[in-house]
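Chemist: Sharing a structure with you now.
The values are calculated or read from the model by the stated rules, or taken from the named source; none is laboratory data. In this text, all values refer to a predicted model and were calculated from it rather than measured experimentally. Backbone-built Cβ (ideal geometry, glycine too); neighbour counts: all protein chains shown.
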Amino acid sequence: MYKPLEIFIGLRYLRAKRRNQFISFISFSSMMGVALGVTALITVLSVMNGFEKEVRERILGMASHITVSRFDGPIQDWQQLGEQVRKSEPRIVGLAPYIRKEAMLSLNGNVSGALLRGVSPELDPEVSEVWQKMVYGQLGDLRPGEFGIVLGKSLARSIGAMVGDKVTVVTPQAISTPAGILPRLKRFTVRGVFEVGMHEYDSALALIHIEDAMKLFRTDGGVTGLRLKLEDMYQVVPVRTQLEQILSAGRYWITDWTQRHANLFRAVKIEKTMMFLMLSLIVAVAAFNIVSTLVMVVTDKQADIAILRTLGITPRSVMAIFMVQGTIIGVVGVFLGTVGGVTLALNIDVVIPWLEGVLGVQFMPADIYYINKFPSELHWGDVVKIVVISFTLSVLATFYPAWRASRTQPAEALRYE
């Protein structure tokens, strides 16, 4: 089969012979360096994508995609407002009212602050996944007039509450009595315990029936706001903009999950970017190995280069020969790294438990970390970006040694041959 002269000679220089086995070993090491760098990049970024998805899903399992509330107090006509919102925006698939107040919970001398949320057990599953996170009891156990309460697992542990216990809820609203101004107190029965896996909710959130919340906080049938769920949570910005145009901007306050948790997701994005840059240094080091490999090859092939020049080969062709050699090292390394990285990222849930069993350690103990596994989500866009950057570094690494080879003077190289 016909091959261009530059490719033919470049491929021959990659094959090991007795007198240049060391150079071939260095070429193999450079190839493996690129492969390991690409594998590490793909795997680590996939794991970080998995952690980001896990955190996002846990947060959005409790927080709504979009929240509509009023600046000047409770929303009295929330049913009418809900119908208006649903008709104006077909991308909304769930809607539920809520009441949000701060309170203190007390049991047997144990006191803890809590965020009290009044919910509708019938409508809340449309916008929340707390019913899927119940450890004890069910969300449907909250019935109007029975004053039941569902606690986060850490909150229940902090006050020593169990299902069936009577918890005293102390609200910041005061009442006038002959003894003076006293806070309002109400005893609630613990109906269930949930665990989301996020400290923000498990240690501070308590759920009660929305009608009980109306009585407790005297809202006269009003609610704090509406929680909305979208068919695609990434469409929150255009939907929020649409709702701001439909509803009176001076009366309603409309926020979405990207605004409420902006700092968290911005921090995750920064960490992911910095991790990408740091791990890219592995590929850069492997690229420098390609430089050293080609420099050694050029030094070893001085006589061959001189003979080729005397036979009429041009400096450009000499440069192409060594660029072919370095590029092949990079291509093979990137290919092996991509296969290894994609395979490892797709099977991280099997590899990590196997390593934990072999080493006898647990990398993320459940009693310390809320996410006690290594989630992985492979983004092919990241894979393409890693492949392009790694291949580009490998090609750039060949320029200087190839240019040095093209500058070889035949007379000088053959003087002592």
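Chemist: Would you please name the residue that is surrounded by the fewest Cβ atoms within 10 Å (Cβ to Cβ), looking only at residues in region 95-119 that are polar (S, T, N, Q) and on the phi < 0 side of the Ramachandran plot?
Modeler: The extreme case among them is ASN110.
Chemist: Among all residue pairs at least 6 apart or on different chains, which show Cβ distances below 7 Å where the first residue, located in region 221-243, is surrounded by fewer than 22 Cβ atoms within 10 Å (Cβ to Cβ) and the second is at pLDDT 90 or above and in a helix (DSSP H, G or I)?
Modeler: GLY221/MET214
Chemist: Output the residues belonging to region 202-224 that are outside any loop (DSSP other than H, G, I, E, B) and under 19 Å from GLU129 (Cβ atoms).
Modeler: Selection gives ASP202, LEU205, ALA206, LEU207, ILE208, HIS209, ILE210.
Chemist: Now, a different point. I'm checking my understanding of the structure. Among residues of region 44-79 that are over 12 Å from the mean Cα position of the chain (by Cα) and small (Gly, Ala, Ser), which one is farthest from THR224 (Cα to Cα)?
Modeler: It comes out as GLY61.
Chemist: Does region 374-390 include one or more residues that are part of a loop (DSSP other than H, G, I, E, B), under 30 Å from GLU195 (Cα atoms), among the aromatic types (Phe, Trp, Tyr) and in the same structural domain as LEU45 (by TED's automatic domain parsing)?
Modeler: yes
Residue-wise test of (1) of a type in the set (S, T, N, Q); (2) farther than 10 Å from ALA402 by Cβ; (3) assigned to a helix (DSSP H, G or I).
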position: ALA287; (1), (2), (3): no, yes, yes
position: ILE290; (1), (2), (3): no, yes, yes
position: LEU294; (1), (2), (3): no, no, yes
position: THR299; (1), (2), (3): yes, yes, yes
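Chemist: In addition: Answer yes or no: is there a residue in region 79-88 that is outside any strand (DSSP E or B) and within 28 Å of PRO172 (Cα to Cα).
Modeler: Yes: region 79-88 contains one or more residues that are outside any strand (DSSP E or B) and within 28 Å of PRO172 (Cα to Cα).
Chemist: Could you tell me which of the residues THR255, THR219, THR241 is within 16 Å of ILE99 (Cβ to Cβ), of a type in the set (Val, Ile, Thr) and assigned by TED's automatic domain parsing to the domain that holds ALA103?
Modeler: THR219
Chemist: Within the group LEU36, LEU41, which residue is under 30 Å from LYS373 (Cβ atoms) and touching a Leu at 6+ places or on another chain (Cβ under 6 Å)?
Modeler: So the residue among LEU36, LEU41 that is under 30 Å from LYS373 (Cβ atoms) and touching a Leu at 6+ places or on another chain (Cβ under 6 Å) is LEU41.
Chemist: Restrict the check to region 310-327 and report whether at least one residue is closer than 30 Å to LEU378 by Cβ and either under 31 Å from the mean Cα position of the chain (by Cα) or surrounded by 15 or more Cβ atoms within 10 Å (Cβ to Cβ) (or both).
Modeler: yes
Chemist: Among the residues of region 371-396, write down those that are in contact (Cβ under 8 Å) with a residue 24 or more places away in the chain and within 17 Å of the chain's Cα centre (by Cα).
Modeler: Answer for region 371-396, where residues must be in contact (Cβ under 8 Å) with a residue 24 or more places away in the chain and within 17 Å of the chain's Cα centre (by Cα): ILE371, LYS373, PHE374, PRO375, SER376, GLU377, LEU378, HIS379, ASP382, VAL383.
Chemist: Continuing with this model, one more query. Being at pLDDT below 90 and either within 40 Å of the chain's Cα centre (by Cα) or hydrophobic (A, V, I, L, M, F, W, C) (or both) is the filter here, so list the residues in region 171-190 that pass it.
Modeler: Selection gives THR171, PRO172, ALA174, ILE175, ALA179, ILE181, LEU182, LEU185.
Chemist: Take region 133-170 and flag every residue that is crowded, with 23+ Cβ neighbours inside 10 Å and without any contact (Cβ under 8 Å) to a residue 24 or more places away in the chain.
Modeler: Listed by number, the list is empty, since nothing qualifies.
Chemist: Is it the case that region 335-357 has a residue that's within 16 Å of TYR400 (Cα to Cα) and not β-branched (Val, Ile, Thr)?
Modeler: No, because not a single residue in region 335-357 is within 16 Å of TYR400 (Cα to Cα) and not β-branched (Val, Ile, Thr).
Chemist: Kindly list the number of the only condition in (1) farther than 22 Å from MET275 by Cα; (2) modelled with pLDDT of 80 or more; (3) under 26 Å from the mean Cα position of the chain (by Cα); (4) not charged (D, E, K, R) that fails for ILE352.
Modeler: Every condition holds for ILE352 apart from (1).
Chemist: Turning to a different aspect of this structure: Which condition number does SER88 fail, the rest of (1) of a type in the set (Ser, Thr, Tyr); (2) under 27 Å from TRP253 (Cβ atoms); (3) modelled with pLDDT of 90 or more; (4) surrounded by fewer than 18 Cβ atoms within 10 Å (Cβ to Cβ) being met?
Modeler: (3)
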